Amino acid sequence: MTTTQRVSDGTFKRLTSGPFQFFIAIGACFALVGVIWLMTPRANKEMLPHADVTEGATALRLSAPYVSYAPQGLPALWRPTSSRLTGTQGKGPVSWHVGYVTPKDQYAALEQSNERPAPAFVTRMTNVDPANVRNLAGTVQVAGATWNEYYRKDKHQYSLVRQLPDVTLVVTGTAGYEELAVLAGSLQPQQGHKV
């Protein structure tokens, strides 16, 4: 059995108001925030999205009017973060973008398209004017194929470009030529394309 004792109005006011009670209320709020903060899971690493490259490559192979190329055999440290296929509804060129974080924590992307004229696609993907020879750094052999090297200094963007009769391949990003060559060397033609 509990008994209730009546407190006088003056005592009640002293217990529930004034600076001491204010600090008690603020302390209780901070304690509650602290408990929530301690219970909230946190990751110390940046969380990157993950893209399914195989699914994008299959969709491209089935819908592109050209022999498409897809990365195969990249080391596990290459983390795919984006994959986007456009033009499959018969509206415009069929293009595929795949973005990666490289083993050196740089960005590298594969861009391929049957867009015409091809130099306009190259200009957009490399952010340089291919007619301007100052932007052309040279050529390099990757897996038996010749690729043109481009570099845009102010954006720290390196690019490798290979133009085939039906498709243009651009490997580009902040990754250096060495890592871009790994991505370019992994590109394999996909059989069974739509004609």
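Elements of the type strands (runs of 3 or more DSSP E) sitting completely within the stretch 77-168 and holding at least 3 residues that are under 19 Å from Leu187 (Cα atoms) and over 21 Å from the mean Cα position of the chain (by Cα): these cover 136-142, 145-152. Would you confirm whether any residue within the stretch 76-86 is of a type in the set (D, E, K, R), surrounded by 10 or more Cβ atoms within 10 Å (Cβ to Cβ), under 24 Å from Tyr107 (Cα atoms) and in contact with a helix residue (DSSP H, G or I) (Cβ under 9 Å, 6 or more places away or on another chain)? Scanning the stretch 76-86 turns up at least one residue that is of a type in the set (D, E, K, R), surrounded by 10 or more Cβ atoms within 10 Å (Cβ to Cβ), under 24 Å from Tyr107 (Cα atoms) and in contact with a helix residue (DSSP H, G or I) (Cβ under 9 Å, 6 or more places away or on another chain). Against the list (1) crowded, with 16+ Cβ neighbours inside 10 Å; (2) in a loop (DSSP other than H, G, I, E, B), the condition Pro65 fails is (1).
Conditions tested, residue by residue: (1) surrounded by 10 or more Cβ atoms within 10 Å (Cβ to Cβ); (2) modelled with pLDDT of 75 or more.
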residue: Thr11; (1), (2): yes, no
residue: Gly18; (1), (2): yes, no
residue: Gly27; (1), (2): yes, yes
residue: Thr40; (1), (2): no, yes
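Tell me whether the stretch 99-117 contains one or more residues that are buried (at least 20 other Cβ atoms within 10 Å of the Cβ), in contact with a Leu (Cβ under 6 Å, 6 or more places away or on another chain) and more than 15 Å from Arg162 (Cα to Cα). Looking for residues that are buried (at least 20 other Cβ atoms within 10 Å of the Cβ), in contact with a Leu (Cβ under 6 Å, 6 or more places away or on another chain) and more than 15 Å from Arg162 (Cα to Cα), one finds at least one in the stretch 99-117, hence yes.
Given the condition among the hydrophobic types (A, V, I, L, M, F, W, C) and touching a residue at least 40 places away in the same chain (Cβ under 8 Å), answer yes or no: does some residue in the stretch 42-51 qualify? Checked the stretch 42-51: at least one residue is among the hydrophobic types (A, V, I, L, M, F, W, C) and touching a residue at least 40 places away in the same chain (Cβ under 8 Å). Does Val128 count as crowded, with 20+ Cβ neighbours inside 10 Å, among the β-branched types (Val, Ile, Thr) and at pLDDT below 95? Spelling it out, Val128 is indeed crowded, with 20+ Cβ neighbours inside 10 Å, among the β-branched types (Val, Ile, Thr) and at pLDDT below 95.
The values are calculated or read from the model by the stated rules, or taken from the named source; none is laboratory data. Keep in mind the model is a prediction, meaning the values are calculated, not measured. Glycine gets a Cβ as well: all are built from the backbone with ideal geometry, and neighbour counts include every protein chain shown.
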